[in-house]
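Novice: So that we are looking at the same thing, I have put the structure below in structure tokens.
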């Protein structure tokens, strides 16, 4: 299978990818950051009564139209404690923010515009108009109004709105289940002392973090040795457990110990592509087996992280029902760059966005695909097209944000 372009691989991995249909009901405290499955409708009107927007006095606006007529104070209303009577002509009720406006009153005289005379009467220092400083019933929403559309991401504000509308629980889309498997005899878990020819496994943790950030549920499938039977057993487990995506890290190249491709072929995985014309991350594969999507990431740390950001993150986002952002954004170069080779180059870079929203993208000094320290300090990937000519600082560029 020949190399394909980055753009073609991006289109292929997202083709036919649709939000998963499974749903679950969660409490409001559990639902933040999830995707709403369907529209939710207000079960109540908010506010359900005319409420004061200020501390002051509930008055009849007609009483103040002719001038500063003294008003008789007949009671008090506070939030959660209404005045039980009716305000008649020449009468007022002391009122506080959030309290129901008493029957008969139609405006609020703020306390800064009122004084109290020696007889305890209220002396208005200003006129008021009808409904002034009153939050009338239903000003926020009414019973039966659509509060949130299905498919929206449940932000803190959305959660608060759902609560105000009378919903203690929400039906959300289930997160796509993503099985993450690292492969290689050379790998040991963090905290385990590596042997003379071993290294600490790191990629799986970074990829799992990306899956979670994109709205997926990362399933830790551990480390498989360079053994086809062991790798195939993990694939069978993913199928049996209903994983939406099975991700392997390492073993995707063509060496004698790169067995992932052989296992996929034996199990009948239909590959959409294998090898992308990009650097780093060339030995990348994607396909599907039954209802499970397959993504084979390269093993080098930066290669796997770059490939996962470019292709796995959009796939997880699409299955989760979240918006999929464009492959790249536009910025300007912060330093000169040389001509590029035959593959699309993704250069780990520092990205600074100014007050006008212009992103300045400056490549970091070292780009070896084994260097996680460089990836961890990058804010973006400068995207250099195949055979791009040299470019000077200040020239337009494309980049992939790493946030």
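Novice: Helix 203-213 sits at what angle to the longest principal axis of the chain, using alpha carbons and giving 0 to 90 degrees rounded to 10?
Specialist: Roughly 30 degrees, rounded to the nearest 10.
Novice: Mind checking which of 305, 54, 383 has the largest fluctuation in a GNM of the chain, springs on alpha carbons under 10 Å?
Specialist: 54
Novice: Continuing with the same structure: Modelling each spin label as a point 7 Å along the Cα-to-Cβ direction, I'd like the residue 228/residue 193 distance in nm, to one decimal.
Specialist: The modelled label-to-label distance comes out at 3.7 nm.
Novice: Sort the following peptides by mean Cβ neighbour count (other Cβ atoms within 10 Å, averaged over residues), highest first: 83-96, 167-180.
Specialist: 167-180, 83-96
Novice: Once you have the alpha carbon radius of gyration of region 330-401, what is it after dividing by 2.2 N^0.38 Å, with N set to its residue count?
Specialist: Values: Rg = 11.6 Å, N = 72, 2.2 N^0.38 = 11.2 Å.
In units of the globular-protein estimate, region 330-401 measures up at 1.04.
Novice: Normalised by the residues of the chain, what does the relative contact order come to in percent, with Cα pairs under 8 Å and at least six apart? Don't skip to the end; give the middle numbers.
Specialist: On the way: 962 pairs, mean separation 65.0, N = 403.
Value for the chain: 16 percent.
Novice: Where both partners of a DSSP beta bridge lie in the chain, what percent of those bridges are antiparallel, to the nearest 5? Please list the in-between numbers first.
Specialist: Values: 53 of 81 bridges.
Roughly 65 percent of the beta bridges in the chain run antiparallel, per DSSP.
Novice: Hey, another quick one. Can you give the % of DSSP beta bridges in region 51-135 that are antiparallel, to the nearest 5? Walk me through the numbers on the way to the answer.
Specialist: Details: 15 of 20 bridges.
So the antiparallel bridges amount to about 75 percent of the total.
Novice: A further question follows. If each Cα of the chain is one equal point scatterer, what is log10 of I(q)/I(0) from the Debye formula at q = 0.06, 0.10, 0.15 Å⁻¹?
Specialist: -0.42, -0.76, -1.26
Novice: Another question about this same structure. In square nanometres, what is the average projected area of the Cα convex hull of region 268-403? Let's see the in-between values first.
Specialist: Numbers: hull surface 35.8 nm².
That works out to 9.0 nm².
Novice: Could you list 303, 373 in order of exposure, starting from the residue whose Cβ has the fewest other Cβ atoms within 10 Å?
Specialist: Listing 303, 373 from fewest to most nearby Cβ atoms yields 373, 303.
Novice: Please give the FRET efficiency for residue 185 paired with residue 139, using the beta carbon to beta carbon distance and R0 = 60 Å, rounded to the nearest 0.05. Don't skip to the end; give the middle numbers.
Specialist: On the way: r = 67 Å, r/R0 = 1.11.
Efficiency computed from Cβ-Cβ geometry: 0.35.
Novice: As I understand it, the value is the acute angle between the Cα axis of helix 228-240 and the longest principal axis of the Cα atoms of the chain; what does it come to in degrees, rounded to 10?
Specialist: That works out to roughly 30 degrees.
Novice: Please arrange 354, 244, 272 by counting, for each residue, the other beta carbons lying within 10 Å of its beta carbon, fewest first. Could you put the intermediate results ahead of the total?
Specialist: Numbers: 354 9, 244 24, 272 19.
Sorted ascending by nearby Cβ count, the order is 354, 272, 244.
Novice: May I pose another question? Please report, to two decimal places, log10 I(q)/I(0) for region 51-135 at q = 0.23 Å⁻¹ as given by the Debye formula with identical point scatterers on the Cα atoms and no solvent.
Specialist: Values returned for q = 0.23 Å⁻¹ are -1.03.
Novice: Another question about this same structure. Compute a Gaussian network model of the chain, connecting alpha carbons closer than 10 Å, and tell me which residue from 13, 159, 122 fluctuates the most.
Specialist: 122
Novice: Can you compute the helix-only [θ] at 222 nm over the chain? Use -39500 (n - 2.57) per DSSP H run of at least 4 residues, normalise by all residues, nearest 500 deg cm²/dmol.
Specialist: On the way: 10 runs with 79 residues, N = 403.
Value at 222 nm, helices only: -5000 deg cm²/dmol.
Novice: Could you calculate the FRET efficiency of residue 131 with residue 354 from 1/(1 + (r/R0)^6), where r is the beta carbon distance between them and R0 is 56 Å, rounded to 0.05?
Specialist: On the way: r = 45 Å, r/R0 = 0.80.
Efficiency, rounded to the nearest 0.05: 0.80.
Novice: Another question about this same structure. Rg and Dmax in Å for region 99-145, alpha carbons only: what are they?
Specialist: 14.3, 50
Novice: Percent antiparallel among DSSP beta bridges with both residues in region 212-318, to the nearest 5?
Specialist: Values: 9 of 14 bridges.
Around 65 percent antiparallel, to the nearest 5.
Novice: Give the order of 360, 344 when sorted by the count of other beta carbons within 10 angstrom, beginning with the fewest.
Specialist: Ranking 360, 344 by Cβ neighbours within 10 Å, fewest first, gives 360, 344.
Novice: Only Cα pairs under 8 Å and at least 6 apart count here; give the relative contact order of region 309-403 as a rounded whole percent.
Specialist: On the way: 185 pairs, mean separation 35.7, N = 95.
Result for region 309-403 is 38 percent.
Novice: Once you keep just the Cα pairs under 8 angstrom separated by 6 or more residues, what percentage relative contact order results for region 222-301?
Specialist: Values: 125 pairs, mean separation 25.0, N = 80.
With pairs under 8 Å counted, the relative contact order is 31 percent.
Since every read-out is calculated from the coordinates, none of them should be taken as a lab result. Every value quoted in this text rests on a predicted model; they were computed, and no experiment measured them. We place every Cβ from the backbone using ideal geometry, glycine too, and count neighbours over all the protein chains shown.
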